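Structure record follows, encoded as C-alpha cells.
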Amino acid sequence: MINREAVAELDRLDPLALLRDAFALPRDRIYLDGNSLGALPRAAVSRVQDTVQQQWGADLISSWNRHGWIDLPQAVGEKIAPLVGAAPGQVICADSISVNLFKLLSVVSMLRPDRSVVLSAADNFPTDLYMVQGLSGLLGEQRLRLVQVAEAEIADALNEQVAAVLLSHVNFRTGRILPMAGITAAAHAVGALTVWDLAHSAGAMPVALDDCQADFAVGCGYKFFNGGPGAPAWVYAAERHQGSVQQPLSGWMGHRAPFDFDPDYQAAAGMLQYLCGTPPILSMAALDAALDLFADIDMEALRAKSVALGTLFLELLDKTELAGQLRLLSPADPAERGSQLAFSHPEAYGLVQAWIERGVVADFREPDVLRVGFAPLYNSYGDIWEALESLRAVVATGEHMDPRWAQRQKVT
Ligand SMILES: Cc1ncc(COP(=O)(O)O)c(C=O)c1O
C-alpha cells in the first residue's frame, strides 16, 4: 500500500535528491512543467549576473576574447554532446530548433539531390512540419515536399523517394518514444537520411545518436537542460556528413575567418559552419551554467527516476475517483514513453488552470490534453503525492468548471 510515508521513503533513498537544492524553486509550487520550460538553476543566476555586470559591464568588448564568448557555441555544444551520445566535434549551440531545422533540411536535400520527400509523422511538433513546408515553398515541390504518415507507419512508408525522415524522438503530446536505432537503420536501408528532434528526450534520458548511426539532430536548451526561456538550441551533424555540403544560412560566424572580413563566404570546418550570426551570450551563458548540473549525472539513474516518477503518478491516480475520467494518451508501458504523461479530458484546460491556482503547474495542449512532465533533477516523489492530492481537491470542489476557464490565455 503506497502512502505518504512510503513516498517520503522513496525521496530519502533517491540518489538524485540532493540536486533539487541546485534549483531556485518556489516553495509554494509543485512544478510539473519542466518538459516545457526547465526550472531555474541557482548557478545560472550567478553566471548571468557575472556575465552582465563584470563581463559586459566592466570588461566590455574585450570579453569576446577574455571570457571566451567567441568560443561559447562550441563549448556549450561539447557539454551537450555526451548527453546525447555524440563524440566530440559534432554538436554546436546555435539559434532555435526551427532555424537549425532549416539548415539541416537544406543539407539533406543537397545530400540527396535525386530525392524530394521529407517523411514525417502526422502529429510531429508543428514547427518541424512548418519548416519543411517553408523550404518546400522556397525550393518548389519538385525539390522538396512533406509527406506525413502515422508514427507507427513510418517504416512502411520508406522508399527510394525519401531524402530524409524527420521525427521527434519523443512525441510532444503523447510522450511516445520512437525507436531511433530501428528507424534510422530502416531509413538507411532505402538510402534515406535521418533528422531527429530531441526536444523532449535530451536531458531526460540517455540518447545514443552515434550508436544509432543518426545523421542529424536538433534539440532545445530550455526544457530538460534548464537553460531558461528562449535558451539557444543545438544542432548535431555526424562527422561523416560534415564538410560535404554547406548549410545555406552562411552568416559570418560560420565563415572560416570571420574577422578577416572577406567579401566571399568560405565555410568554416566542422560544426562551426552551422553558426550563422552573433551568438546570444547572455542566454548561452545561462545554458552553459545549467549544463554543469549534468556533469556527474548517470543518465541511466536519471532515466530510472523519471520512469519511477511517472509510474508513481499513474499508481496514485489509479486510486482516485479521477482514474476513469482521465484517459491516458501516453503508452502504458514506461519503456515506451519519455518523461511526461498525457491525458485527455473534456475539461482539460479547466483542470490545468484550477490545478495551477492550487500551486501545481502542468500544461494543456489542444484539443483536450493535460500534460504533466517529470524533471528527475528536481522533482521529488513527494511532489507527485502532493500534486495528486491537489488534483483530487480540484475535482471534488468542481474548480475546473469555473466559467473563467472558457477564455484561454495565449500560452496554454
Ligand atoms: C518537439 C519540439 N520541437 C521544436 C520545438 C520548438 O522549437 P523552437 O526552438 O524553434 O521554438 C518544440 C517546443 O516545444 C518541441 O516540443
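Please treat every number below as a calculation from the coordinates, not as lab data. On a predicted model such as this, the values are computed, not experimentally measured, just so you know. Quick reminder, even Gly has a Cβ in these numbers, built from the backbone with ideal geometry, and neighbours come from all protein chains shown.
Points worth noting:
- Shape call, region 215-292: gyration tensor on alpha carbons, a/c limit 1.5: oblate
- Residues whose amide H comes within less than 5 Å of that of residue 85, counting only those at least five positions distant or on another chain, are 207, 209 (H built at 1.01 Å from N in the peptide plane).
- Charge dipole (Cα centre; +1 on Lys/Arg Cβ, -1 on Asp/Glu Cβ; no other charges) of region 299-412 amounts to roughly 260 debye.
- Cα-based shape type of the chain, given that a ≥ b ≥ c are square roots of the gyration tensor eigenvalues and the cut on a/c is 1.5: oblate
- Residue by residue, region 327-339 carries 3J(HN,Hα) couplings of 8, 5, 9, 7, x, 6, 7, x, 5, 9, 10, x, 9 Hz when phi is fed to the Karplus relation 6.51 cos²θ - 1.76 cosθ + 1.60 (θ = phi - 60°); x denotes Gly or Pro.
- Segment residue 18..residue 6, full-extension length gain: 2.5 nm, with 0.36 nm per residue of separation and the alpha-carbon distance subtracted.
- Region 49-294 - percent relative contact order, Cα under 8 Å, separation 6 or more: 22 percent
- Amide proton proximity set for residue 337, modelled H, under 5 Å, gap of 5+: 177
- Student exercise, the chain dipole from Lys, Arg, Asp, Glu Cβ charges, in Debye to nearest 20: 540 debye
- Hz values of 3J(HN,Hα) by residue in region 132-146 - Karplus curve (6.51, -1.76, 1.60), Gly and Pro given as x: 5, 4, x, 5, 5, x, 6, 8, x, 5, 5, 8, 7, 8, 9
- Under Karplus coefficients 6.51, -1.76 and 1.60, residue-wise ³J(HN,Hα) of region 91-106 in Hz, glycine/proline x: 10, 9, 8, 6, 6, 10, 4, 4, 5, 5, 5, 4, 4, 5, 5, 5
- Its DSSP H runs of at least 4 residues, each contributing -39,500 (n - 2.57), put the calculated 222 nm mean residue ellipticity of the chain at -10000 deg cm²/dmol, to the nearest 500.
- The chain, relative contact order in percent, only Cα pairs under 8 angstrom and at least six apart counted: 22 percent
- Estimated distance in nm for a label pair at residue 404 and residue 142, the labels positioned 7 Å out from Cα along Cα-to-Cβ: 5.8 nm
- Pairwise label distance in nanometres, residue 304 with residue 123, each label 7 Å out on the Cα-Cβ vector: 3.1 nm
- Cut-off under 5 Å, modelled amide H: who pairs with residue 148 long-range: 120
- Tensor-based shape of region 16-129 (alpha-carbon gyration tensor, a/c under 1.5 rounded, otherwise prolate or oblate): oblate
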